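Enquirer: This structure is in structure tokens; I'll ask about it shortly.
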Amino acid sequence: MKSKRRSTNEMEFQGQVVTWLNENLSKHGGMGLERATQEKPRKTSGKRNDLVVWQSRIGEIAFLSIELKTPDTPISDPVFLADAAEKAQQWHSRYFVIWNMREAELYPTPAGIARITPADRLYRWGASTGADQLVDWLKPEVAKRLEHQLREILDRAWNHSVAGEGAAVAIDTEIFVTRISAAINALRGLLHRQITSATKGSRKLRSTINKIAIEQGFMGFVEDVDYAIAGQMGYRLIGQILFYLALRRQQPALPALSLSRGDKVPGALSAYWNNVRRFDYEALFKPHALDTLVEIPASGQFLIRHLIDQLASYDWASLTDDVLGSVFERLIPREEQLLLGQFYTPRPVADLLAALTIEGRRPLVLDPGCGSGTFLMSAYDFIASRTGLRHKDLLATIWGFDLSPFAAELAAINLFRQDLSEFENFPRVVTGNFFDRDPGQTVEFPPPHVTHDDMSKVPTPIPIFDSIIGNPPYLRSQNQDDLDSRYRAQLFSAAARVGIKAPAKTDLFAFFIYHAMRFMQVGSRLGFVTPASWLTADYAVTLQRLLTRELRLVAIIASNAESLFPQVDVNAALLVAEKAAPEAGHEGKSLLRFVTLKAPIAALLAGSGDYWDRMVKLTDRIYDPDKSCEDSDIRITIVPLAQERDALAAAPKSARNWSKYLRAPLSYYTLFGGVA
Ligand SMILES: C[S@@+](CC[C@H](N)C(=O)[O-])C[C@H]1O[C@@H](n2cnc3c(N)ncnc32)[C@H](O)[C@@H]1O
């Protein structure tokens, strides 16, 4: 959303800075700082008001004074430095910062007549806010970064005041990630061996593990199922430990993690995890069968205890958000996710589906099998760029379900780390089976404002969504029969609930579409990555019929320039459909569009300017034509909906060959007709 306002002045921005500071202080009551104010300058040379964060205003004890400059003023001028130090002394402030909306330098206020020099600097922030001139703060994305930088400044000063310099080992991303990855690898190795030997003696365990692999959709797609499961267990456990330590930065009430020799993991950690679940992060800390699939051997117990001790020696308090964010981001390399049974959709594909299906000022979005959250992050970024909604509100509009506790954990961390400084930061990610969910069913989430006295949760009904996006699991046909019989029955009855009698060979992804219908209203859109095979498969006649009626097909998009889902050996096509008003008589005019991308999505987005503006332009190229057309990048074949619907009605058992509309060049139709 673009701001309509054109002008601003320094006073107005100062006022905004004070508001941000006070909002932040009220969220972090534990800091013991009173409030921020604008003060008449005491220094006679001062023209602007001074900005002061108070420990006690009555007692005239300031904590931080802020020397605010505009982006065109360099902060390195020694005159400014001396001036800012003098002002800070007048306010009896412990620290001061010089900030030009781009860069900032934090200093301790010198005592008495001591002179300040650049060598006294405690911390420096580089230009990361995107503000080039004062007026830029009116842009929502710049305002968000300014607020973030301001918060970091306050946190840095606060952490310095609490811990002092050098109290604990500072976290270096490189060393930290290497150390944790080594622990994960070792733990996974131990668990893998444990699983291999335990499954030899237990058919029950073998079948439980296979069941997990089939249900999550990775059976037949990963080479070593046991290795994937061992990896999921190891990553999950260590991810929980890391996340707990990160949370403690903002929640000092959480007890310090410590295990003694006799303690056994995971049991010994459950009391800690339950403490977090009192306020949220259900998706991360809820116990799950995966946690206790096999016992962690003694060497693994030692490894975890040792890791916790090592991690405890780090200076978590002064860990900045960007470092923590990159630790989480780099912890599981994407190629590793594949071995763990986590397939992900390439970001440009997820971004395109988000842009094709999400609309409105506060759209509610669901990914019913969200994996590590690729689509949730696309939705997050797309909605943020179009509406300027803030982190907390964005999280409240984006929901994700996943059967796998490991995947749900990753998705929650991925969303959370978009803005680690927000304490009220509760991803709507829920672990569990999509087919157990119904609209209106309640899920417990924390209240909008969490306090230490009130951590009670609010039952939140699952809403009807404006957009349902994702890449649901597909099943290789040889695995169809291995599905747990109860689960199979559940799939067919989910279809029946929306009036669909699904043929026996129906692929798993189609059931996701059928069940998703229940969470949609007229005008809601669905955008899924699907295996292209259904476009000609027999079972698809049912789906095709649906797509020419209640769930009107908007577009099928394939690419002959790249694989849209490269990690699995499946030819994929994107499906976009919209829930239609019941037989409103408008469908005579309706058109189905079959789109073939002749260049990779990244190439179709080439150009300068905002990424999402370019993405929206691409969606316009897909949606605008009402006649078949082709250029060097894209071929669009437009087919009247009525034609397909009538053909399906005339031969109810034969699927239409929809893949031909994607494959045949337009000249074919000029000769033989059938398209608009
Ligand atoms: C192909 S992956 C897609 C992951 C993610 N959407 C992406 O593209 O990055 C499918 C996901 O669906 C999840 N899943 C499978 N069956 C499910 C079910 N019945 N309910 C919820 N999630 C399910 C799997 O655990 C897996 O994470």
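Enquirer: List the trypsin sites (Lys or Arg not before Pro) in segment 496-578 that DSSP assigns to loop (not H, G, I, E or B) and whose Cβ has at most 15 other Cβ atoms within 10 Å. Which are they?
Expert: Sparse-neighbourhood loop trypsin sites (Lys or Arg not before Pro): Lys501, Lys505.
Enquirer: Still on this structure: Please give every one of the lysines within straight-line cross-link reach of Lys598, meaning a C-alpha to C-alpha distance under 23 Å, and leave out same-chain neighbours fewer than 8 residues apart.
Expert: Answer for Lys598, where 23 Å is the Cα cut-off: Lys617, Lys627, Lys660, listed by chain and number.
Enquirer: Okay, moving on. If you plug each phi of segment 392-400 into the Karplus form 6.51 cos²θ - 1.76 cosθ + 1.60 with θ = phi - 60°, what whole-Hz ³J(HN,Hα) values come out, in order, with x for Gly and Pro?
Expert: Whole-Hz 3J(HN,Hα) from phi for segment 392-400: 4, 6, 4, 4, 6, 9, 10, 10, x.
Enquirer: Can you give the charge dipole size of segment 472-672 about its Cα centre, rounded to the nearest 20 debye, using +1 on the beta carbon of Lys and Arg and -1 on the beta carbon of Asp and Glu?
Expert: 520
Enquirer: Calculate one ³J(HN,Hα) per residue across segment 67-80 by plugging θ = phi - 60° into the Karplus curve 6.51 cos²θ - 1.76 cosθ + 1.60, and present them in order as whole Hz with x for glycine and proline.
Expert: 8, 8, 10, 8, x, 7, 9, x, 8, 7, 5, x, 5, 4
Enquirer: Quick one: which of 633-639, 101-107, 194-200, 659-665 comes out on top by average Cβ neighbours within 10 Å, and what's the full order, highest first?
Expert: Listed from highest to lowest mean packing, they are 101-107, 633-639, 659-665, 194-200.
Enquirer: Which lysines have a Cα lying under 26 Å from the Cα of Lys211, excluding residues fewer than 8 positions away in the same chain?
Expert: Output for Lys211: Lys200, Lys286, Lys501, Lys505.
Enquirer: Now for a different question. Using the crude model of +1 on Lys and Arg Cβ and -1 on Asp and Glu Cβ, and no other charge, please compute the dipole size for the chain relative to its Cα centre, in debye to 20.
Expert: For the chain, the charge dipole is close to 1160 debye.
Enquirer: Give me the net charge of Lys144's neighbourhood, meaning all other residues with Cβ under 10 Å from the Cβ of Lys144; Lys, Arg count +1, Asp, Glu -1.
Expert: 0
Enquirer: Please list log₁₀ I(q)/I(0) at q = 0.08, 0.14 Å⁻¹ for segment 80-239, using the Debye equation with identical point scatterers on the alpha-carbon positions.
Expert: Relative scattering, expressed as log10 I(q)/I(0), comes to -0.51, -0.82.
Enquirer: With no solvent and one equal point scatterer placed on each C-alpha of segment 520-657, evaluate the Debye formula and give log10 I(q)/I(0) for q = 0.18, 0.21 Å⁻¹, two decimals.
Expert: -1.13, -1.41
Enquirer: Can you tell me which aspartates and glutamates have their Cα less than 18 Å from the Cα of Lys589? Leave out same-chain residues fewer than eight positions away.
Expert: Once the sequence-local aspartates and glutamates are set aside, what remains near Lys589 is Glu550, Glu578, Asp624, Asp626, Glu644, Asp646.
Enquirer: Filter the trypsin sites (Lys or Arg not before Pro) in segment 366-404 down to the DSSP loop ones having no more than 14 other Cβ atoms within 10 Å, then list what survives.
Expert: none
Enquirer: Could you grab the Rg to Rh ratio for segment 10-163? Cα atoms only, Kirkwood for Rh.
Expert: Value, to two decimals: 0.93.
Enquirer: Charges on Cβ only, +1 for Lys and Arg, -1 for Asp and Glu, centred on the Cα centroid of the chain; of Pro266, Leu331, Tyr95, which one is farthest towards the dipole's positive end?
Expert: Projecting each Cα onto the dipole axis, the largest value belongs to Pro266.
Enquirer: Put +1 on the Cβ of each Lys and Arg and -1 on the Cβ of each Asp and Glu in the chain; which of Pro625, Ser181, Leu543 then has its Cα farthest toward the positive end of the dipole?
Expert: Leu543
Enquirer: Taking the Cα centre of segment 168-342 as origin, sum charge times position over the Cβ atoms of Lys and Arg (+1) and Asp and Glu (-1), and report the length of that vector in debye to the nearest 20.
Expert: In debye, rounded to 20, segment 168-342 gives about 780.
Enquirer: While we're looking at this one, here's another question. Out of all Cα-Cα pairs in segment 590-635, roughly what percent, to the nearest whole number, are more than 13 Å apart?
Expert: 56
Enquirer: Now, a different point. Over every pair of different alpha-carbon atoms in the chain, take the mean of 1/r and invert it; report that Kirkwood radius in Å.
Expert: In the chain this quantity evaluates to 27.7 Å.
Enquirer: Compute the Kirkwood hydrodynamic radius of segment 168-342, taking the inverse of the mean of 1/r over all pairs of distinct Cα atoms, and give it in Å to one decimal.
Expert: After inverting the pairwise mean of 1/r, the radius is 17.0 Å.
Enquirer: Of Gln441, Ala228, Ala411, whose Cα points farthest to the positive end of the dipole of the chain (charges on the beta-carbon: +1 Lys, Arg; -1 Asp, Glu; origin at the Cα centre)?
Expert: Of the options given, the answer is Gln441.
Enquirer: Now a separate question. Show me, for segment 296-309, the HN-Hα J-couplings you get by feeding each phi into the Karplus relation (A = 6.51, B = -1.76, C = 1.60, θ = phi - 60°), rounded to Hz, glycine and proline as x.
Expert: After applying 6.51 cos²θ - 1.76 cosθ + 1.60, I find 7, x, 4, 5, x, 4, 4, 4, 5, 4, 5, 4, 4, 4 Hz.
No value in this document is a laboratory result; all are computed from the given coordinates. These numbers were taken from a predicted model, which means no experiment stands behind them. When we count neighbours, we look across all protein chains shown, and the Cβ atoms used for this are built from the backbone with ideal geometry, even at glycine.
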